[in-house]
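Undergrad: Pasting a structure below so you can have a look.
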Amino acid sequence: MAFNALLMCREEKHLRVLGKALDDVGMEQEVCLSAPEALDLTVQKHYSALVIDFDLPGAATVARMARLAPSRRRPVIFGMIGALTEIAEAFQAGANFIFYKPLGVEQIVRCLRAGRGFMRPDRRNSPRQSLESLVYLQFGIAALPAMVLDLNQNGMALQAPEPLPPVQQVPLRFVLPGTTNMVEGMGEVIWADDGGRAGMLFSRLTPASRKYLKQWFGKRDSKKTVSRPAVRGAKARRAAAGSH
């Protein structure tokens, strides 16, 4: 199966070098220009490798969020750093390998080949996880992204790349998995730990958000109801066939 890479980079000269190196090792590639775009793509799709320019805003957050993914979906992270970039920050954020600027094709090819043994192929036909979504928590002017771990109509459990600030109420927004419907409102933090995990209740949601949640869970419940008789029916047919 194919290996693929997501490149978070804006500089054309770097993209040309990266493109040549990825072609040399037979890896497909996709480009994004910002941290929010990279976060959305890594939740929606699986990438074998993630190449991040650590001179871009939000680079460390993208790397930390990628490290939170389940092991079967976790990409190998390659950090691009310049003369003024803190290499320690890149490794602390989760980079597995480092590309030094100015980039060279041979340097990148060597790193890609070294990291390939840790990569997982792009399994495009495999089923997606039942819940894959980002929630954005608004702390003042800063929005902190977090991974939704569990969701019900009253609240959610989440995993953030860092411990949550000590607040009780926080504005939040997230897109319901498999839809384009945005849920927005306020969340009440009922527990949080030092590892970035937290649980919160929806203390106030917009009317549209409540409707979207009700419809989304209604569809999931109806699918479960339909599938259970089908399973029992299949078992009954096999039992009847075995009795003859």
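The values are calculated or read from the model by the stated rules, or taken from the named source; none is laboratory data. The shown structure was predicted, so the numbers you read here are calculated from the model rather than taken from an experiment. Methodologically, a virtual Cβ is constructed for each residue, glycine included, from the backbone with ideal geometry; neighbour enumeration extends over all protein chains shown. What goes into the accessible areas is simple: the full protein's heavy atoms, side chains included, and nothing from ligands, DNA or RNA. Shrake-Rupley method; radii C 1.70, N 1.55, O 1.52, S 1.80 Å.
Undergrad: Condition first: in a helix (DSSP H, G or I), over 14 Å from residue 7 (Cβ atoms) and under 14 Å from the mean Cα position of the chain (by Cα). Now tell me which residues in region 61-106 satisfy that.
TA: Narrowing region 61-106 to residues in a helix (DSSP H, G or I): 61-67, 71-73, 87-93, 105-106.
In the following step, the residues that additionally are over 14 Å from residue 7 (Cβ atoms) were identified as 61, 64-65, 67, 71-73, 87-93, 105-106.
61, 64, 65, 67, 71, 72, 73 - these are the residues of region 61-106 that are in a helix (DSSP H, G or I), over 14 Å from residue 7 (Cβ atoms) and under 14 Å from the mean Cα position of the chain (by Cα).
Undergrad: For region 166-190, what are the residues that are closer than 21 Å to residue 65 by Cα, open to solvent by 50 Å² or more (accessible area, probe 1.4 Å) and at pLDDT below 90?
TA: Residues satisfying the conditions are 166, 178.
Undergrad: Given the conditions (1) surrounded by fewer than 23 Cβ atoms within 10 Å (Cβ to Cβ); (2) in contact with a helix residue (DSSP H, G or I) (Cβ under 8 Å, 6 or more places away or on another chain), report the number of the one that residue 63 does not fulfil.
TA: (1)
Undergrad: Still on this structure, please answer the following. Assess whether residue 28 counts as being in a strand (DSSP E or B), acidic (Asp, Glu) and surrounded by fewer than 16 Cβ atoms within 10 Å (Cβ to Cβ).
TA: Details: in a strand (DSSP E or B): yes; acidic (Asp, Glu): yes; surrounded by fewer than 16 Cβ atoms within 10 Å (Cβ to Cβ): yes.
When the stated conditions are applied, residue 28 passes them.
Undergrad: If residue 125 satisfies all but one of (1) assigned to a helix (DSSP H, G or I); (2) at pLDDT below 90, what's the number of the condition it fails?
TA: (1)
Undergrad: Next question. Being out of contact with any Ser or Thr (no Cβ under 8 Å at 6 or more places or on another chain) and open to solvent by less than 20 Å² (accessible area, probe 1.4 Å) narrows it down to one of 69, 95, 83, so name that one.
TA: Working: 69 fails: out of contact with any Ser or Thr (no Cβ under 8 Å at 6 or more places or on another chain); 83 fails: open to solvent by less than 20 Å² (accessible area, probe 1.4 Å).
Among 69, 95, 83, only 95 is out of contact with any Ser or Thr (no Cβ under 8 Å at 6 or more places or on another chain) and open to solvent by less than 20 Å² (accessible area, probe 1.4 Å).
Undergrad: Say we look at region 132-165 and pick out the residues that are part of a loop (DSSP other than H, G, I, E, B) and free of Cβ contacts under 8 Å to residues at least 60 places away in the same chain; which of these is most open to solvent (accessible area, probe 1.4 Å)?
TA: Of region 132-165, the ones part of a loop (DSSP other than H, G, I, E, B) are 132-133, 140-141, 152-154, 160-165.
Remaining after also requiring free of Cβ contacts under 8 Å to residues at least 60 places away in the same chain: 140-141, 154, 160, 163-165.
Numbers: 140: 67, 141: 174, 154: 102, 160: 1, 163: 67, 164: 26, 165: 56 Å².
Among those that are part of a loop (DSSP other than H, G, I, E, B) and free of Cβ contacts under 8 Å to residues at least 60 places away in the same chain, it is 141.
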